[in-house]
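Data first, discussion second: the structure below is written as structure tokens.
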2 protein chains.
Amino acid sequence: MDVTASSSKNGESARDRISRQSLHGEILTRLRTMIVEGDLDPGMRINEVQICEQFGVSRTPLREALRSLASEGLVELVPSRGAVVREFTAKEVRDTIVLIRTLEQFATVNACDLASDADIGEIRALHDAMEKAYEAGDRRHYYGLNQDIHTRLVALADNAALSQVHATLQARMKRFRYAGHAGPENWARAMAEHEEMIEALEARDPDRLSSVIGQHLTAAWERVADLFAETEDGAKETH
Amino acid sequence: MDVTASSSKNGESARDRISRQSLHGEILTRLRTMIVEGDLDPGMRINEVQICEQFGVSRTPLREALRSLASEGLVELVPSRGAVVREFTAKEVRDTIVLIRTLEQFATVNACDLASDADIGEIRALHDAMEKAYEAGDRRHYYGLNQDIHTRLVALADNAALSQVHATLQARMKRFRYAGHAGPENWARAMAEHEEMIEALEARDPDRLSSVIGQHLTAAWERVADLFAETEDGAKETH
DNA sequence: GTTTTGAATTTTGTATACAGAATATTGATC
DNA sequence: GATCAATATTCTGTATACAAAATTCAAAAC
């Protein structure tokens, strides 16, 4: 989501100047990452002063960031009780993934039409890098590239509102989908689906691409659904 | 979007207690309305102290509300220059309406499946009320009911993420779509399209409903596109 | 032993204060 | 008269202060 980083080697200060967000923006990015990557557990109350000390800032910009996160659907604001890391029910996760599926399928129509060969080449490069990460067993790197590919695919549709909504929903689901590639066979299947995706894109076949994405995200939900079932069992276990 | 108001006559204080949001929430609602209804012109800088005095609050909750509005895409935050009422290009409006169309068409599938007769009856009642408003020439009332109908239709799909995204996008477009019913013939056409929509819903025919919604929102864009063309001419005129 | 009540503590919600950046204004120079 | 520079003012960004609500903890009542 952050596209400010450039590849310039020197000019450190100049680049910093440009990318230097307001404190509020900086906190927003960091908190979002913490929630989305699972550093903060769902249902956990966010203690403002604690986070403030951790970040070395005052409560004002932190609270502003929390409001933004609430609008993004990553935290819930309970009156007089502050911010709570949002919990998602299985249904909410399913509904959100289905919505993401719809958005990506919508994107395919324009994407196949508008994408330049260079655009597709870049996505193919990401895909090949992802395959390498897969073979190396580097899940974190794999998953980062995986999200990038979906984001880039949607970006090809050249619809800013679509991209923004997609990014927000994808952030909400990041935690789950990461866990959704848990078992080796799940991971292998997801990889195979991606291979098909990239081929359909290279063929500029929107119907096929849409169909593959449909399968990919339906399967994604199934993988996550297993996870929810397991979690419930686990919860019972700990009683 | 605000569903807290009830129709109780007495018990004023109790109801107020319940619906009493935080200042931040109150300001957010009021500012959103002001932007969405066109009281604040796009491109206009929002002077914090001025709004604070107008609302009788301090800058802290106002700034929190502005952050939320930025996440909703209604204002833009320019570093060191504060909040600006967001301007939309013709392309952004078109892309957003097309996205809304996609979301509503997606909703129809589950809506026709899940909706109870009572649900559909309620929407029919809204539609009839809207027709009365149309015949009475009450554009504001008509338009409020119009939005309600679309919101309720999407709600029938029983997908919270979908409803939230749809509401956000609809809010962004409210100003334009209101203006989009300008001429009598535009208004009549929009009304006719809605009549077809409600019939397709009552027939629980998702394909027909989807098709009608597609036409309705494509036409909506065309009406708004005319508006953009006019505005451009008008801008030239005033030079 | 459990429940309840009430003070002590923590935490949130809002207002205010202050520093730095942006904008407006005034005066000087060409 | 126009343009530029320097100062004054305004406005934003952040920190801090204070009040009210919630939570905790302990003691008392059952």
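Key figures for this structure:
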item	result
Average projection area in nm² (convex hull over Cα atoms of the protein assembly as shown, one quarter of hull surface)	27.9 nm²
Per-residue ³J(HN,Hα) for region A:84-94, Karplus 6.51 cos²θ - 1.76 cosθ + 1.60, θ = phi - 60°, Hz, x for Gly and Pro	10, 4, 5, 9, 10, 6, 4, 5, 4, 5, 4
Loop-located GluC sites (Glu not before Pro) in region A:57-110, at most 12 other Cβ atoms within 10 Å (DSSP)	A:E87
Shielding by other protein chains, B:55-62, mean Cβ within 10 Å	1
Inter-copy separations for A:M44, label at 7 Å along Cα-Cβ, nm, ascending	4.3
Farthest toward positive dipole pole in region B:14-85 [+1 Lys/Arg, -1 Asp/Glu at C-beta], among B:G38, B:G25, B:Q50	B:G25
Gained length - A:T33 relative to A:T151, 0.36 nm times residue gap less alpha-carbon distance	40.8 nm
B:A182/B:S58 FRET efficiency (R0 51 Å; Cβ-Cβ; nearest 0.05)	0.80
Net lengthening on full extension, A:R45/A:A125 (0.36 nm per residue, minus Cα-Cα)	24.7 nm
About the Cα centre, charge dipole magnitude for chain B (Lys/Arg +1, Asp/Glu -1 at Cβ), debye	1020 debye
Lys, Arg +1 and Asp, Glu -1 on Cβ, resulting dipole of region B:14-85 about Cα centre, debye, nearest 20	260 debye
Calculated label separations, A:A118, copies of the chain, 7 Å along the beta-carbon direction, nm	5.9
Mean ellipticity per residue at 222 nm, deg cm²/dmol - from DSSP H runs of n ≥ 4 across the protein assembly as shown, formula -39500 (n - 2.57)	-25000 deg cm²/dmol
Average partner coverage of A:105-111, which counts Cβ from other chains inside 10 Å	2
Nonlocal Lys pairs with alpha-carbon distance under 24 Å, the protein assembly as shown (8 or more apart, or different chains)	6
Innermost chain B residue relative to the axis carrying B onto A, by Cβ distance in angstrom	B:S71, 2
Sequence-separation-based contact order of chain A, relative, with Cα cut under 8 Å and 6+ spacing, percent	20 percent
Distances in nm from A:R59 to the matching label points in the other copies, shortest first (labels 7 Å along Cα to Cβ)	1.8
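Where a number appears in this text, it was derived from the coordinates with a stated rule and is not lab data. Bear in mind that the values here come from a model prediction, so they are computed numbers and not experimental data. FYI the Cβ positions are ideal-geometry reconstructions off the backbone, even for glycines, and counts take in every protein chain you see.
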